[in-house]
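A.B. asks: My questions all concern the structure below.
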Amino acid sequence: MINVLMIEDDGEFAQILSEYLIKYNIKITNYEDPYLGLSAGVKNYDLLILDLTLPGMNGLEVCKEIREKYDIPIIISSARSDVADRVVGLQIGADDYMPKPYDPKEMHARIMSLIRRYKKTAEAQEEVVDSAFRVDERRHEIYFHNEPLTLTPAEYEILEYLIKQHSFSVSREQLVYHCKSLKDKDSKSLDVIIGRLRAKIGDNSKAPTHIFSVRGIGYKLLG
């Protein structure tokens with residue numbers, strides 16, 4: 001059973017979609033109030049379907065808050081046709097945008113596509129962290145050779161992103177953007193964090209084994 005969280009103030013619309021998807025072993029739990037939806041235990045669901053026009057809270061705000069806390073597929077489902085809404089929604093973390101009205105068959109296809117994509121990504125990350133690093137998102141901890149690292153919030157965010165992008169070069173701009181705890185947004189602060197991370201895993205900046213500098217780009221993590 002695929003469990004889908006839906007935040008949609010049109011109860012009749014949610015019911016119609018729910019009755020269609022249950023035939024494909026997809027169960028929808030809908031909340032018309034966005035605040036109730038946010039407190040519904042998002043991590044227990046496989047995917048989120050989110051409306052933008054909600055009572056008391058903009059759907060884009062809901063999307064941003066959920067993306068900052070959870071790694072869950074997000075489909076925005078909205079009658080708002082403004083291109084700006086679509087662009088902002090995708091920029092702040094939505095994976096897909098379905099303009100209403102739409103055929104439930106298409107929603108089913110997009111749900112399955114996103115579930116498959118996230119599953120492949122998760123499996124790839126598990127293969128990566130089996131070597132030296134392991135991320136425990138629920139405990140907000142990172143293990144290095146099965147030993148927990150003592151990290152500041154900024155260090156955790158930077159290292160977690162490097163792990164997720166394992167073996168790929170990551171630009172300095174990407175790292176700064178994904179480090180919400182980094183108060184000073186210049187590159188010097190990033191260099192300091194990288195230096196501290198290297199020290200905590202015993203990496204030598206001149207002859208690294210894990211965190212490598214990529215000239216003109218940024219950094220990448222190996223091992």
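The values are calculated or read from the model by the stated rules, or taken from the named source; none is laboratory data. Treat the numbers as computed from the prediction; the structure is a model and nothing was measured. Cβ atoms come from the backbone with ideal geometry, glycine included; neighbour counts cover every protein chain shown. Remember, those area values only see protein heavy atoms, side chains included, never the ligands or the DNA or RNA. Shrake-Rupley method; radii C 1.70, N 1.55, O 1.52, S 1.80 Å.
A.B. asks: What percentage of the solvent-accessible surface of the chain, computed with a 1.4 Å probe over protein heavy atoms, is contributed by carbon and sulfur atoms?
C.D. replies: 50
A.B. asks: Beyond a 27 Å Cα-Cα separation, which of these cross-linked pairs lie in this structure: Lys27/Lys180; Lys100/Lys180; Lys120/Lys206; Lys69/Lys220?
C.D. replies: Lys27/Lys180; Lys100/Lys180; Lys120/Lys206
A.B. asks: Give the relative contact order (percent, whole number) for segment 11-86; include only Cα pairs under 8 Å separated by 6+ residues.
C.D. replies: It comes to 28 percent, rounded to a whole number.
A.B. asks: I'd like the Kirkwood hydrodynamic radius of segment 143-182, using the inverse of the mean 1/r over distinct C-alpha pairs, in Å.
C.D. replies: 10.7
A.B. asks: Normalising by the residue count of segment 131-218, find the relative contact order in percent from Cα pairs under 8 Å and 6+ residues apart.
C.D. replies: Here the relative contact order equals 23 percent.
A.B. asks: How compact and how long is segment 3-45, expressed as Rg and Dmax of its alpha-carbon atoms in Å?
C.D. replies: Radius of gyration, then largest Cα-Cα span, for segment 3-45: 10.2, 29 Å.
A.B. asks: If you rank Phe168, Phe133 by how much accessible surface each has, with a 1.4 Å probe, what is the order from largest down?
C.D. replies: Greatest to least solvent exposure: Phe168, Phe133.
A.B. asks: On to the next question. Let me check against my output: what whole-number percent is the relative contact order of the chain, with C-alpha pairs under 8 Å and at least 6 apart?
C.D. replies: RCO, the chain: 12 percent.
A.B. asks: Here's another thing I want to ask about it. As an exercise, take the mean of 1/r over every pair of distinct alpha carbons in segment 1-130, invert it, and state the Kirkwood radius in angstroms.
C.D. replies: One over the average 1/r among Cα pairs gives 14.9 Å for segment 1-130.
A.B. asks: Compute the distance in nm between two label points, each set 7 Å from the Cα along the Cα-to-Cβ direction, one at Ile22 and one at Ile115.
C.D. replies: Taking the two extended label points, one gets 1.6 nm.
A.B. asks: Ok, one more. Step through the residues of segment 19-30 one at a time and calculate ³J(HN,Hα) from phi using the Karplus curve (6.51 cos²θ - 1.76 cosθ + 1.60, θ = phi - 60°), rounding each to whole Hz and writing x for Gly and Pro.
C.D. replies: Residue by residue, segment 19-30 yields 5, 6, 6, 4, 5, 10, 6, 10, 9, 9, 10, 9 Hz.
A.B. asks: Compute the long axis of helix 153-164 from its Cα atoms, compare it with the longest principal axis of the Cα atoms of the chain, and write down the angle in degrees, 0 to 90, nearest 10.
C.D. replies: Roughly 80 degrees between the two axes.
A.B. asks: Quantify how much of the Cα-Cα distance distribution of the chain extends past 29 Å, in percent.
C.D. replies: For the chain, the share of Cα pairs beyond 29 Å comes to 36 percent.
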